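See below for the structure under consideration.
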Amino acid sequence: MSDFFQDDEVIGKAYDSRLMKRLLKYVKPYRGYIFLAIFLNIVTAALEPVRPYLTKIAVDEYISVGDSKGLLLIILLILSSLILQAIIEYAMTFATQYMGQKTLFDLRMEIFQHLQKLSLKFFDKSPVGRLVTRVTNDVESLSELFSSGIVMIFSDVFIIIWIFVFMMVMSFDLALVTMSVIPVLIYATFLFRKKVRANYRDVRKHLARLNSYMQEHISGMSVVQLFNKEEEEFKKFKSINEDYRDVNIKSVFYHAVFYPFVELISAIAVGLIIWYGGGEVVQKNISLGVLFAFIQYTEMFFRPVRDLAEKYNILQTGMASSERIFKLLDTKIFIKNPENPIVLNNLKGKVEFRNVWFAYDNENYVLKDVSFVINPGETVAIVGATGAGKSSIINILLKFYEINKGQILIDDIDISQIDEKELRKHIALVLQDVILFSGDIKSNINLWNDQIPFEKILEAAKIVGADSFIQKLPKKYDEEVKERGATLSLGQKQLIAFARALAYDPKILILDEATASIDTEAERMIQKAMTKLLKGRTSIVIAHRLSTIQNSDKIIVLHKGQIREMGNHYELLELKGIYYRLYQLQYKDQEIGV
Amino acid sequence: MKSLLSLKKYFARYKTTIYLGFLFIFLSNITSVYVPLFIRDGIDELRRQISSPELIKYASLIVGVTFVSGVFRFLIRQTIIVTSRKIEFDLRNDFWSHLQKLSLRYYQNTKTGDIMAHATNDINAVRNFVGPAVMYSFDTFTLFVFTLALMFSIDVELTFLSLLPFPVLSIFVYYFGKKIHILFTKIQEHFSILTAKAQENLNGIRIIKAYVREESEINHFRKLSYEYFRKNINKIKVDALFHPVLFLTIGSSIIIIMWFGGMKVINGNLSLGELTAFVLYMGYLIWPAIAFGWITNLTQQAAASQKRLNSIFAIEPEIKDSNLTDYSINSLKGEIEFRNVSFRYRDNLPFVLKNINLKIPAGSTYAIIGHTGCGKTSFVNLLARFYDVTEGQILIDGYDIRTIPLKVLREEISFVQQETFLFSDTLKNNIAYGLNGITSEDEFNHRIEEAIRIAHLIPDIESFPKGIETIIGERGITLSGGQKQRTSIARAVAKGGKILILDDCLSAVDTNTEEIILSNLKKFMKGRTSIIISHRISTIKDADLIIVLDKGTIAEKGTHEELLALDGIYSRIYQKQLLEKELEEI
């Protein structure tokens, strides 16, 4: 897993009842599974400790007295308990893990769905990488908590309880003597866990340092080489690597002490059984079989005690991730939707901006008092220098953002009265940088919309002239788009975007023309496609092509957030104002080119 | 497996420690196998009505032997596992040192993430072999042999019978480990797909919203997410087998012992204590049986990882000193000549520079201008030997740059790259980055102060919380584009080589500041050869000679006035920039 970019590596507190309650809600639909698993747990937990008890009976009542038939009976009992336990345990592990994975699936979908609802204002502030981490890695780190954490805690507790019960039944005194080592074991385990946890944090810290050093210096390798710093940088790397090595060696030490120590405790328990239990046997208070069983129990209760300490870690990582996930789910930056939304029927396509003011941050206005009217079917070109506010017009017309003052009207209906999705159904957007998704060509045209059948895709592609190059691809419309269209030329990507817009057949079209230059052949194709695309629709084009401007009904000149000039190409040229200069700067060269 | 042979030299370094570790394993196992024998004796004596001091003797023998064995166990980890960490350290150092030698081309063709994956995952896999796999293979082998020997000494027949299920366990663990590894890899692959989908969705959120495709995106993601769920379930199906199979095999061994051993006890051929010892020895054999399959998997994974690492170690640095290098060259004056230089990035790609001939006298200032992609950056990259020319030669002070020691060449070139790269360190350390081998503190500080003044960073530094000691970048404050560019200018100026290259490094600086910096630089550039690349006329108009590059060739050449009079590419660029300025002021 690309685990190098451990951003927000936070280790919070181990248990937070507020978070836990919220997490448990996700398990609720599967509580049947949980109760079943817990019930099965109680049963299997008893099956393991029952076996030493059975061996005790075998030793005392059959082997000692030479009853081979009885021995066979006990052996068969042990065998069936083994098989039963194996089956139940398999089923139970499967059920809990299934439930755990299902819960993660639900949670992941909820986050993803939530993200789809958030408005662009949210995305402007949040780096995509971090959001992806929420959907993927953070959910993943809850995996242990859901799949093994909750249920296995019960399992461990019950095994310990059953062992105690059997021991108590066989010999109360010897049980107490044997169990006297348990506090030491628990204490040692907790101490070990504590040390290891602290050390693990150090290991993570140094690993993160090592990784970020490498990451940074791989990116800046040319600087390192240019400044002849190889030797010095190597020294730095070595010292970071050394720190990492040393914290790891420290962790070796803890393990090296802990495991033999546990062995020792277990040996002490056996020693106690021999010493105290042996005395009891001599005095005929207990049988040899009991001794035999007890020695087996000492082996048995060490694992669950150690596992229980392990669960603490699972809880801790789970808490940290869930906190981040819930924070995202609690972020509610949505576009305000009207209470009684108006549905657009028989849209004609009139667009009007009425004294619109807009600022992304409610402070610095990027559009100031913008007013214009576009009649149904008209094509309007918006021109202006970088930062004039052109894209903002697109953003607010599509209700990606809410405006601060003024009104935007479509067919004389204020768009604040229209549901955002309803509004967008009637508008198609073509962006400067064409966004292609992984999938085949046809899905990139209809964007997986079943209501646009293949015939319509084909028709759209033919009209914009994309069909001819698509037909040349090995799999035609089924050709996979790789790496966001890296194998396609800029012009081809543009044509696909045009076909997409056309296939949706919108009343209103918004087009941000690509600035990058394409070869003349493609240029001609795109020009032809544009004419067909714009026909019969209200179109707003952020224009970079001279031909587009010349063919438009009206040109709006935006400058520093305000409309400074409006009119057709020739009128505006005569003004000798902003448009005149823009024309010379951006468009004049194209006269010679085309 | 052959790839693991390359680890020999690392093992050789720690030979003594590793042998010592093996000795500890031997001692630890030979002592610990006696514990069940003491238990056996204890139990058998019980039937003979022994006294309590005798019991204490057995109890303390058990504890004592375990203690001695434990001390050796501790020492095993302290030798072998610690050594594995040291070998990991050595291996990573060698890896990094090799990376530092590789040239720009390697880094442009390789994703950072891939290199990182080798440095972490692959080295880690090798470490798992060097440490745990080596330790446990010797450990389990000796334990297995000793235990078996003792079991045979008690009862040969019973030993054979009780061992019957063990091969099954070993084979099961081996195939289980393999299967799990495959399933796990599949899960990881799908996890990447899922991540890529989320990433793609969020990057294209504007289009998705504009076309109201949220629902279908959710469905698409659900499908992928469900597939991920299914792959996890596939692994769980296998995973859940492990524990049941494990205790079933062990359990069947115990049943065999109970039945056959029990019958032997009934018939008087075996004592009850011996039966107990047998059951305990079974416990000793479980781990070796599991470990056998596990070690095999670890070794296989390590071999695959080491193979990948070896293939990186095998890459020869493209740019390095060779037998042509003339080590008597230890400084440069800065006279540059391009002689019929042509260059392309790869054999099948078009030339980015075609037949360039140009002489830049030492101490002069030349400027290069031209459209994006005209070859400006390639021109200076060749000079710094990030690449070598495809045809022709570049000479400095009359030496072919391929004969100049790389260290000397780079020491004499102060290069401000187009893409500013600063380290997340203090501002001071960043600026002082090129001050190699300056011991005098006064000189050191003077150079930094001077560089800061020239790059016009003083007002910025005053506004930073900790002044020049402020940490910048990821872990500190974020600099603006202009501040970054000025810092990298300061860094190059502080270094102070004979050749100064400014590759479009004032683009994010406003024109007023640019003017200040250029006038500050004038004194610094005296006695140095300077090459300035820019899109802006204002940056370069005062150069001794301006070169207009177009499609890889020199299209125009001359001073500002001469080029304006020429009425060609240069003058068109000039007109446009005038217009832009006018627009800005409206």
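The values are calculated or read from the model by the stated rules, or taken from the named source; none is laboratory data. These numbers were taken from a predicted model, which means no experiment stands behind them. Quick reminder, even Gly has a Cβ in these numbers, built from the backbone with ideal geometry, and neighbours come from all protein chains shown. Surface accessibility is based on the protein's heavy atoms, side chains included, excluding ligands, DNA and RNA. Shrake-Rupley method; radii C 1.70, N 1.55, O 1.52, S 1.80 Å.
List, in the order given, every pair from B:2/B:307; A:117/A:332; B:8/B:307; B:359/B:551; A:528/B:576 whose Cα-Cα distance in the structure shown is over 18 Å.
In this structure, B:359/B:551; A:528/B:576 lie more than 18 Å apart at Cα.
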Under 18 Å from residue A:390, Cα to Cα: lysines that are on another chain or at least 8 residues apart: A:121, A:368, A:399, A:405, A:554, A:560
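What's the Kirkwood radius of segment B:437-551 in Å, using all Cα pairs?
Working: mean 1/r = 0.0655 Å⁻¹.
15.3 Å is the Kirkwood radius here.
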Mean other chain Cβ within 10 Å across B:215-228 is 4
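What share of the DSSP beta bridges in chain B is antiparallel, in percent to the nearest 5?
Numbers: 18 of 36 bridges.
Of those bridges, close to 50 percent are antiparallel.
Above 16 angstrom, tally the Cα pairs of segment A:428-505 and express them as a % of all pairs, no decimals.
Details: 1216 of 3003 pairs.
Value for segment A:428-505 (Cα pairs over 16 Å): 40 percent.
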Rounded to the nearest 10 degrees, the helix B:134-154 long axis (Cα) sits at an angle to the longest Cα principal axis of chain B of 0 degrees
Buried accessible area between A and B (1.4 Å probe, both chains summed, ligands and nucleic acids excluded), in Å² to the nearest 100? 12700 Å²
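What do you get for Rg/Rh over segment B:419-468 if you use C-alpha atoms and the Kirkwood form of Rh? Could you put the intermediate results ahead of the total?
Details: Rg = 11.3 Å, Rh = 11.7 Å.
Dividing the radius of gyration by the Kirkwood radius yields 0.96.
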Between segment B:294-360 and segment B:482-555, what is the C-alpha centre distance in whole Å? 28 Å
Roughly how many Å is it from the Cα centre of segment A:359-375 to that of segment A:229-297, as a whole number? 71 Å
Based on the Kirkwood radius over alpha-carbon pairs, what is the Stokes-Einstein translational diffusion coefficient of chain A at 25 °C with 0.890 mPa s viscosity, in µm²/s? 79 µm²/s
In whole angstrom, how far apart do the alpha carbon centroids of segment B:366-429 and segment B:40-68 sit? 81 Å
How much accessible area per residue does chain B have, counting only protein heavy atoms and a probe of 1.4 Å, in square angstrom? 44 Å²
Count the lysine pairs in segment A:164-300 that are 8 or more places apart or on different chains: how many have C-alpha atoms under 25 angstrom apart? 12
Kindly identify residues of segment B:232-247 having a loss of at least 40 Å² in accessible area between the isolated chain and the assembly of all protein chains, probe radius 1.4 Å. B:233, B:236, B:237, B:240, B:243, B:244, B:247
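So what's the back-of-envelope 222 nm ellipticity for chain A, counting only DSSP H runs of four-plus at -39500 (n - 2.57) apiece and dividing by all residues, rounded to 500?
Working: 23 runs with 354 residues, N = 594.
Roughly -19500 deg cm²/dmol at 222 nm, from the helical runs in chain A.
Which FRET efficiency value, to the nearest 0.05, is calculated for residue A:20 and residue B:68 with the Förster distance at 60 angstrom and r the Cβ-Cβ distance?
Working: r = 46 Å, r/R0 = 0.77.
E between residue A:20 and residue B:68, to the nearest 0.05, is 0.85.
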Name the residues of segment B:165-207 whose accessible area, probed at 1.4 Å, falls by at least 50 Å² once all protein chains are in place instead of their chain on its own? B:191, B:200, B:202, B:203, B:205, B:206, B:207
Give the lysines whose C-alpha is closer than 21 Å to that of residue A:442, dropping any in the same chain fewer than 8 places away, or say none. A:425, A:456, A:462, A:472, A:475, A:476, A:482, A:493, A:532, B:197, B:209, B:223
Rounded to the nearest 0.05, FRET efficiency between residue B:8 and residue B:445 (Cβ-Cβ, R0 56 Å) equals 0.70
Could you look at the protein assembly as shown and say what percent of its accessible area is carbon and sulfur, using a 1.4 Å probe and all protein chains? 56 percent
Taking the protein assembly as shown, the whole-percent share of alpha-carbon pairs separated by over 61 angstrom is 29 percent
Extending each Cα 7 Å along its Cβ direction at residue A:299 and residue B:124, get the distance between those two points in nm, one decimal. 3.4 nm
Degrees separating the helix B:52-76 axis from the principal Cα axis of chain B, which is the longest one: 20 degrees
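Need one number: convex hull volume per residue for segment B:144-248, Cα atoms only, in Å³.
Numbers: hull volume 9.8 nm³, N = 105.
For segment B:144-248, the hull spanned by Cα atoms encloses 94 Å³ per residue.
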Under a point spin-label approximation (7 Å from Cα along Cα-to-Cβ), what is the residue B:564-residue A:566 distance to one decimal in nm? 4.0 nm
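Average partner chain C-beta neighbours within 10 Å, per residue of A:527-534? List each step's numbers first, then the result.
Numbers: counts 0, 0, 0, 0, 0, 0, 0, 0.
Going residue by residue through A:527-534 and averaging, the value is 0.
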Rounding to the nearest 10 and keeping the result within 0 to 90°, find how far the Cα-based axis of helix A:17-27 lies from the longest principal axis of chain A. 80 degrees
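Report for chain A the percent antiparallel among DSSP-assigned beta bridges with both residues inside it, nearest 5. All intermediate terms of the calculation are to be shown ahead of the outcome.
Values: 20 of 37 bridges.
Beta bridges within chain A, antiparallel portion: roughly 55 percent.
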Can you tell me the order of B:339-346, B:408-415 when each peptide is scored by its average per-residue count of other Cβ atoms within 10 angstrom, highest first? B:408-415, B:339-346
Multiplying the sequence separation of residue B:192 and residue B:168 by 0.36 nm and subtracting their Cα-Cα distance, what value in nm do you get? 5.1 nm
Which order do the peptides A:124-135, A:395-406 take when ranked by the mean count of other beta-carbon atoms within 10 Å per residue, highest first? A:395-406, A:124-135
Quote the FRET efficiency, to the nearest 0.05, computed for residue B:342 versus residue B:320 with a Förster distance R0 of 30 Å and r equal to the Cβ-Cβ distance. 0.85
I need the Debye-formula profile for segment B:336-585: one equal scatterer per C-alpha, no solvent, reported as log10 I(q)/I(0) at q = 0.14 1/Å, two decimals. -0.98
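Dividing the alpha-carbon Rg of chain B by 2.2 N^0.38 Å yields what?
On the way: Rg = 36.3 Å, N = 586, 2.2 N^0.38 = 24.8 Å.
Against the empirical 2.2 N^0.38 Å value, I get 1.46 for chain B.
Given the -39500 (n - 2.57) contribution per DSSP H run of 4+ residues, what per-residue ellipticity at 222 nm results for chain B, rounded to the nearest 500 deg cm²/dmol? Kindly include the intermediate steps, with their values, before the conclusion.
Details: 26 runs with 358 residues, N = 586.
Calculated at 222 nm, the ellipticity per residue is -19500 deg cm²/dmol.
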Straight-line reach from residue B:264: which aspartates and glutamates have a Cα under 13 Å away, not including same-chain ones fewer than 8 places off? A:67, B:155, B:157, B:274
Across A:91-99, the residue-averaged tally of Cβ atoms belonging to other chains within 10 Å stands at 4
When DSSP assigns beta bridges and you keep just the ones with both residues in the protein assembly as shown, what percent turn out antiparallel, to the nearest 5? 50 percent
Per residue, how much accessible area does chain A have with a 1.4 Å probe, in Å²? 44 Å²
Can you compute the modelled spin-label distance between residue B:98 and residue A:575, with each label point 7 Å from Cα toward Cβ, in nm? 6.5 nm
With just the Cα atoms of segment A:172-285, tell me how far they stretch along each of the three principal axes, in Å, largest first. 87, 18, 13
